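Notes for the one structure printed next.
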Amino acid sequence: MAKPILVLKFGTASITTPKGELDEIVIGEIARQVAMIHKDYNLVIVSSGAVAAGKKFLKNYGGTLNEKKAAASIGNPLLLNTYAKYFSPHGIAIAQSLCERHHFSNRDQFLQLKRTYEELWNSDIIPIANENDVVSNLELKFSDNDELATLIAAGFGASQILFSTSVPGVLDGSGQVIPELDTSDKKVLLLANKEKSASGLGGMTSKLNFARLANQMGIRVVIFGIRTEDGILKALDGKTGTLCLPQKSTLPARKKWLASGSLVRGRIQIDSGACKALQKRHSLLAVGIKSVLNDFENGEIIEILDEENNVVAVAKSKIDSTILNSDTKVKNLEVAHADNIVLL
């Protein structure tokens, strides 16, 4: 049988020192623990830290967009070399995978990426993924590497994601780790500290948002502290951090990709009748659309919102918004076929 796929995500705050430099002690610990589970999983490491590794080489670094891109171009090889340095003694080779948003929004490119990872796994090589900050367009960037990890996990059919943090897990009001969360209830997002780390893009709100998405796809998620002794191994066993419970999912791979990996270009709001029709797995007809919130072209991915502005589904459109705006009252005008709609 094929090995289960495990995605490990390490944020900038997890693998850097208080001075913002790469923490080689932590990276060494990551390599040691990953080596212990390497034979049991097809592994993907999603690691931030390129900007942190490279910024000290720039004169008068101020954190502008161009400076971050320049720092990433310096830091990417430094980050990978550091991982290679500590994985090599365990006999494990690593590979770099710099990803951009369109690699996931285009189905053909996504499948090429998947086949590349499968070829690496066939040789027991671990891909280390990061956003290609040097060239990523600001409008089309991942929100952070929590999103990248989730897209890889959902699109590739991973069984688990481990999100490492600089704290021991999701904390309650008294600062104690919450051992288990049912993320199907949106109230879990209220548990997040709204502050993000000084060195990274994300924070606990991001992790909980993407844990919810992953759980909807049937993926087990653990949010744990990287500086917990044997944290990776304990998180796998459910002995540390916060376990976010997966929901039962029967979505085929293509619909998981549609729900999680597609680049949303448009947004529409539908009435209650259309919402009920979608729940019954019917196609979306123009007559049920209240308004077009963002324009889109034929074949692009759209978000579908209910009357309370909750996102209830994503879909691949059959028409463009120009036609939709002019022909919304045509009774049988199909905006998206049922086979190309995923309820959220």
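The values are calculated or read from the model by the stated rules, or taken from the named source; none is laboratory data. This one's a predicted model, so the numbers in the text were calculated from it and none came from an experiment. Here the Cβ is made from the backbone with ideal geometry for all residues, glycine too, and neighbour counts use every protein chain on show.
Considering only residues of segment 324-339 that are surrounded by 15 or more Cβ atoms within 10 Å (Cβ to Cβ) and at pLDDT 85 or above, which is farthest from N209 (Cα to Cα)? Steps first, answer last, please.
Applying the first criterion (surrounded by 15 or more Cβ atoms within 10 Å (Cβ to Cβ)) to segment 324-339 yields 324, 328, 333, 335-336.
Filter once more, keeping what is at pLDDT 85 or above: 333, 335-336.
Values: L333: 34, V335: 28, A336: 26 Å.
Going through the qualifying residues, I end up with L333.
Check L208, L284 and return the single one that is crowded, with 21+ Cβ neighbours inside 10 Å, within 25 Å of F104 (Cβ to Cβ), out of contact with any strand residue (DSSP E or B) (no Cβ under 6 Å at 6 or more places or on another chain) and among the aliphatic types (A, V, I, L, M).
Values: L284 fails: out of contact with any strand residue (DSSP E or B) (no Cβ under 6 Å at 6 or more places or on another chain).
Among L208, L284, only L208 is crowded, with 21+ Cβ neighbours inside 10 Å, within 25 Å of F104 (Cβ to Cβ), out of contact with any strand residue (DSSP E or B) (no Cβ under 6 Å at 6 or more places or on another chain) and among the aliphatic types (A, V, I, L, M).
Which residue is surrounded by the most Cβ atoms within 10 Å (Cβ to Cβ), if the candidates are limited to segment 224-251 and must be among the acidic types (D, E) and over 15 Å from E180 (Cβ atoms)? Lay out the reasoning, then the answer.
In the first step, residues of segment 224-251 are kept if they are among the acidic types (D, E); the result is 229-230, 237.
Those still in the list that are over 15 Å from E180 (Cβ atoms) too: 229-230.
Working: E229: 9, D230: 15.
Checked segment 224-251; the qualifying residue surrounded by the most Cβ atoms within 10 Å (Cβ to Cβ) is D230.
Which condition number in (1) within 29 Å of E147 (Cα to Cα); (2) at pLDDT below 90; (3) among the acidic types (D, E) is the one that D306 fails?
(2)
Quick check on my filter: what residues within segment 16-51 are within 15 Å of L236 (Cα to Cα), part of a strand (DSSP E or B) and of a type outside the set (S, T, N, Q)?
Matches in segment 16-51: L43, V44, I45.
Of all the residues that make up segment 57-75, how many are assigned to a helix (DSSP H, G or I) and either closer than 20 Å to V34 by Cβ or of a type in the set (D, E, K, R) (or both)?
Number satisfying all stated conditions: 3.
Sort through L181, L171, L201, L213 and tell me the only one that's of a type outside the set (G, A, S), crowded, with 19+ Cβ neighbours inside 10 Å and modelled with pLDDT of 85 or more.
Details: L171 fails: crowded, with 19+ Cβ neighbours inside 10 Å; L201 fails: modelled with pLDDT of 85 or more; L213 fails: modelled with pLDDT of 85 or more.
Step by step, each of L181, L171, L201, L213 is checked, and only L181 is of a type outside the set (G, A, S), crowded, with 19+ Cβ neighbours inside 10 Å and modelled with pLDDT of 85 or more.
Name every residue in segment 220-250 that is small (G, A, S) and within 21 Å of T16 (Cβ to Cβ), in order of residue number.
Kept after step one, since they are small (G, A, S), are these residues of segment 220-250: 225, 231, 235, 238, 241, 249.
Result: G225, G231, A235, G241.
For segment 261-273, which residues satisfy the criterion of being modelled with pLDDT of 90 or more and closer than 18 Å to I301 by Cβ?
Restricting attention to segment 261-273, the residues satisfying the condition of being modelled with pLDDT of 90 or more are 268-273.
Selection gives I268, Q269, I270.
Among the residues of segment 119-135, how many are at pLDDT 95 or above and either assigned to a helix (DSSP H, G or I) or over 11 Å from S97 (Cα atoms) (or both)?
Let us first name the residues in segment 119-135 that are at pLDDT 95 or above, namely 119-128.
With the extra rule that they be either assigned to a helix (DSSP H, G or I) or over 11 Å from S97 (Cα atoms) (or both), the set shrinks to 119-125.
The total comes to 7.
Checking I232 against (1) touching a Leu at 6+ places or on another chain (Cβ under 8 Å); (2) in the same structural domain as V177 (by TED's automatic domain parsing); (3) within 20 Å of D185 (Cβ to Cβ), which single condition isn't satisfied?
Condition (3) is where I232 drops out.
Does G54 fit the bill of being assigned to a loop (DSSP other than H, G, I, E, B), more than 22 Å from the chain's Cα centre (by Cα) and of a type in the set (G, A, S)?
Numbers: assigned to a loop (DSSP other than H, G, I, E, B): no; more than 22 Å from the chain's Cα centre (by Cα): yes; of a type in the set (G, A, S): yes.
No; evaluated as a whole, the condition is false for this residue.
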